[in-house]
1. By average Cβ neighbour count within 10 Å, what is the ranking of 519-529, 68-78 from highest down?
2. Would you pull out the residues with amide H under 5 Å of residue 627's amide H, same chain only if 5 or more places away, H placed 1.01 Å from N?
3. Any idea how far the Cα center of the range 543-558 sits from the one of the range 279-301, in Å?
4. Tell me which residues come under 5 Å, amide H to amide H, from residue 285 once H is placed; ignore anything under 5 positions away on its chain.
5. What angle do you read, to the nearest 10 degrees and between 0 and 90, between the alpha-carbon axis of helix 439-449 and the longest principal axis of the chain?
6. Given H placed 1.01 Å from N in the peptide plane, which residues other than close sequence neighbours of residue 827 have an amide H under 5 Å from its amide H?
7. For a quick check: sort 305, 652 by the number of other beta carbons within 10 angstrom, fewest at the front.
8. Assuming R0 = 60 Å, what is the FRET efficiency of residue 849 and residue 52, from their Cβ-Cβ distance, to the nearest 0.05?
Amino acid sequence: MADKVEQLEFPDENQTAQTGPVTCLGMTFENDEARRAYFIEELRKKLPELRKIEGFPIGEDEDILALSDPPYYTACPNPWINEFVKYWSNGSNNYRLYKPYAADVTEGKNDPIYNAHSYHTKVPHKAIMRYILNFTAPGDIVFDGFCGSGMTGVAAQQCGDLNAIKELGYKTDDLNNVYSYNESVNEWELFSKVGRRHAVLMDLSPAATFIAYNYTKPYNVSNIESQFNRELLKLDNNYSWMYLTLHQINDENIIDGICSKVASAQVKDIPDILNSNKYTFGKINYVVWSDVYYCPNCGAELDYYSLTWNYEEKKSKTKIVCDSCAATFRNHNDLERVWNTYYDHAINEIVTQIKQVPVLINYSVGKKRFEKKPDSLDIILYNKAGQLLRDLEFPTDPLTDGGEISRPKKLGFTHVHHFYNNRSLAMLSLSMKDLQVNQSAKFFLHGSILPKINKMNRYMPQHGSRALVGPMANALYFPPMHVENNVLDQLHFQAKKIIKALNEMSGSIISTQSSTSIPLEDSTIDYIFVDPPFGANIMYSELSFVRECWLKVITNNSKEAIENKHQNKDINLYRKLMTEFFKEAYRILKPGKWITIEFSNTQAKVWNAIQQALQDSGFIIASVDVLDKKRGGFHAMITTTAVNQDLVISAYKPTAHYESKIINGRQDEQSIWAFIEQHLAMLPIYNGSKGNAEQIIERTPRVLFDRMIAHLIRHGINVNYSSTEFQTILQQRYPVRDGMVFLDSQVAEYDKKRIQAKEFVQLSLFVSDENSAIEWLRQQLLKKPQTRQDLHPNFMKEIQHIAKHELLPELDVLLEQNFLKYDGEGEVPSQIHAYLSSDYKDLRCLDKNDPKLKEKAKNRWYVPDPNKQADLEKLREKSLLREFNQYVEELSNSKKKLKQFRTEAIRVGFHKAWTEKDYKTIVDIGNRLPESILQEDEKLLRYYDNAQTKLGL
């Protein structure tokens with residue numbers, strides 16, 4: 001008899017799914033199939049009540065049940081989460097004082113686990129491991145409410161893998177202690193413990209939770225590998241004829257003869273016909289399809305490929321010329337598309353779509369590759385493959401309304417199956433029907449190839465051997481030339497990647513629902529890591545729709561926290577939804593424990609919304625650091641306004657001891673210093689690298705004042721100190737080092753490490769408004785001309801303490817109005833040339849027009865010389881005046897005060913009004929400003945007082 005295996009319940013043992021008896025939630029079953037059958041029926045009974053929970057997906061009961069593997073994973077809200085958490089917790093409250101992970105993190109994406117299945121956005125699991133190791137102990141419970149592809153669950157598992165931990169650069173000992181190397185003091189320091197952590201994962205998207213389930217499910221890897229190899233070989237034997245093409249046959253009579261036989265044959269006979277010929281066939285690697293346009297001059301049909309690419313010379317054409325009449329055009333937008341109308345048997349409708357034709361075939365004979373233009377046999381074989389669709393099952397769901405969804409609909413792609421060429425669609429459907437492997441593994445494999453099989457795969461011949469650049473990230477963009485990949489090849493390729501990514505460790509508990517209502521009891525979670533949606537960055541539900549139609553379970557996006565005008569969601573609703581989530585996160589997190597939020601957005605308004613939602617929920621921010629995922633997505637690589645590095649916020653839930661002081665004491669003085677004592681205890685004591693000690697901004701008196709005010713106001717406690725008074729008393733009560741405040745118990749450790757540092761990196765400027773933000777940017781660019789991507793992460797960290805009333809412009813606006821950017825044209829400016837010549841050995845002594853120097857200098861911002869500053873000032877003044885006039889117009893029809901505004905716009909507006917003797921406007925706007933702002937700003941007050949005098953007020 002096989003040994004009994006208890007799945008997912010032993011916190012310190014790796015478990016592998018086996019065929020013998022299994023125990024789950026205290027019940028023993030004959031085998032894993034019996035376990036699943038029992039819990040499927042239990043889930044079926046619970047579905048009517050579960051449907052009332054926020055975020056219940058759109059789908060039929062049977063489809064939800066078919067996708068689920070209860071109680072571990074459900075494609076709907078998981079009713080067994082609390083039972084697992086109670087078992088894992090075992091009544092203990094493992095408390096330890098953790099500090100934020102005060103270091104920037106860099107992790108690449110070239111890892112088998114990361115690459116096995118794509119998703120709209122991913123944080124590398126190795127990066128998450130560093131945070132989990134820092135904030136938790138073995139057996140602790142980690143929660144991720146926006147789990148996406150499940151990398152938090154993978155990271156929690158991998159914390160029990162010695163090799164995975166060592167790959168991060170850590171050191172371990174025989175007692176399973178983990179040590180990290182502190183470069184600043186040249187020491188190995190005790191950091192954590194080896195041991196698996198448990199994970200509770202949650203997401204609105206059924207596609208996301210299904211991917212997460214497969215990443216964290218315990219697989220018998222060798223068994224799955226043998227299944228894949230056996231079944232994929234069968235697919236090859238049965239359907240490889242779909243991807244055959246004649247090799248180097250130019251005789252039309254020969255081609256016509258074969259075509260005649262194939263065209264009249266039934267599909268089942270085609271392999272024999274092709275094998276009986278003495279001619280050589282190659283295996284198609286991919287086919288390039290091109291959009292078709294017609295010449296407005298002569299009406300000839302022209303394909304985009306031939307219009308823009310010189311096949312013989314292998315280079316882009318400099319002019320768009322009609323082959324028929326020699327008419328020239330600026331670009332293809334001067335031409336009109338050709339449309340194709342046909343009867344769609346799948347939906348029994350006549351449809352009209354853009355016309356696309358095959359223009360190039362890349363194929364292999366043995367190990368050698370060739371290219372050719374499609375011949376008659378290629379077209380016939382393609383059509384024969386498409387005939388199979390009439391007997392196959394595939395999704396035909398109509399596209400919903402939305403921002404990204406509108407792109408394909410404009411091209412006539414109105415249903416899900418229109419995203420695929422007929423041959424690809426047939427092969428996808430056949431693989432779902434014929435592959436006799438583990439169902440979860442099959443769905444996982446199938447989903448992993450979908451991004452490389454649809455019509456959004458871009459072909460860019462100018463990239464040479466790397467012409468296949470894949471779909472554009474996070475957009476439903478259909479290019480004028482797309483690639484039809486060999487589905488069989490893609491299945492083999494992805495199967496190998498998936499085998500490398502699967503593991504035999506126990507999985508996570510996964511639920512498909514909204515995280516604005518989390519079915520967990522209070523104070524049960526040890527740590528939270530989330531990478532939530534950020535504003536209008538990514539339209540997750542729209543982008544997942546096509547994938548989820550194959551799963552037959554669709555995202556319910558009513559509680560999707562995004563900005564989307566098609567869903568009537570603006571920044572205010574986004575902030576509200578995020579606040580609901582953070583309040584739930586605060587409730588389920590144990591006191592004194594931590595939450596980490598990864599932030600990826602270029603807009604200050606979204607950054608402020610996240611911070612406000614976080615603090616309104618009760619969390620206290622302790623650190624903001626940088627997470628560099630190395631290789632960015634498509635936009636990050638080609639645009640200068642994309643995010644290159646993400647920010648990571650570390651925040652904590654106050655301890656129960658502190659909360660009791662606040663709630664029971666209600667004394668302002670006691671509350672102030674109770675907060676400071678707790679906050680200083682939670683902050684990192686020392687931060688530095690390579691012999692440099694760095695200032696910890698959270699320990700500076702001004703930031704301590706801001707954090708204290710924000711938190712105590714939330715509790716309805718008044719603070720009678722001004723910022724200056726508070727800072728004076730603070731420095732009397734606590735030791736101060738390098739402008740930072742410490743507890744008495746901390747200062748000795750700081751002094752010990754500080755003395756070993758060669759240099760101290762101090763913040764040169766505190767950013768609180770537009771003026772100081774511009775000056776901060778100026779200092780950064782004087783030291784080092786940088787790209788917008790280089791500046792972005794540190795800029796976002798600096799602006800978290802801007803004045804509440806200040807409506808700070810976006811980084812792009814500040815750069816455009818105050819600095820210059822080298823666009824690669826003309827010689828490299830002296831400011832950039834001097835920096836590059838000094839810091840890059842291979843760029844020294846180069847002429848300012850040297851191509852190598854120009855490439856390195858391109859898109860860098862720099863401080864303009866005085867001769868050009870005047871022009872920039874004029875440009876900026878015009879923009880500020882437009883802003884000021886908007887305030888004047890806005891206030892002319894109301895009696896409200898200005899709560900948020902650009903102080904610089906008010907200053908420029910007052911100056912302009914004064915020069916035009918428009919004293920009334922100055923007084924009217926001045927009366928709408930907060931009294932404290934008017935009194936504290938010398939320039940504004942001077943204009944206001946003098947204007948009143950002029951008006952005799």
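Read-outs throughout are calculated quantities, based only on the coordinates presented, and are distinct from any laboratory measurement. Bear in mind the structure is a predicted one, so any value in this text is a computation, not a measurement. Note that each Cβ is placed from the backbone with ideal geometry, even for glycine, and that neighbours are counted across all protein chains shown.
1. Highest to lowest by the protection proxy: 68-78, 519-529.
2. Those lying under 5 Å, H to H, from residue 627 are 105, 646, 647, 648.
3. Each part reduced to its Cα centre gives a spacing of 33 Å.
4. Correct list: 362, 363, 364.
5. 80 degrees
6. none
7. Placing the least packed residue first, the sequence is 305, 652.
8. So, using R0 = 60 Å, E works out to roughly 0.30.
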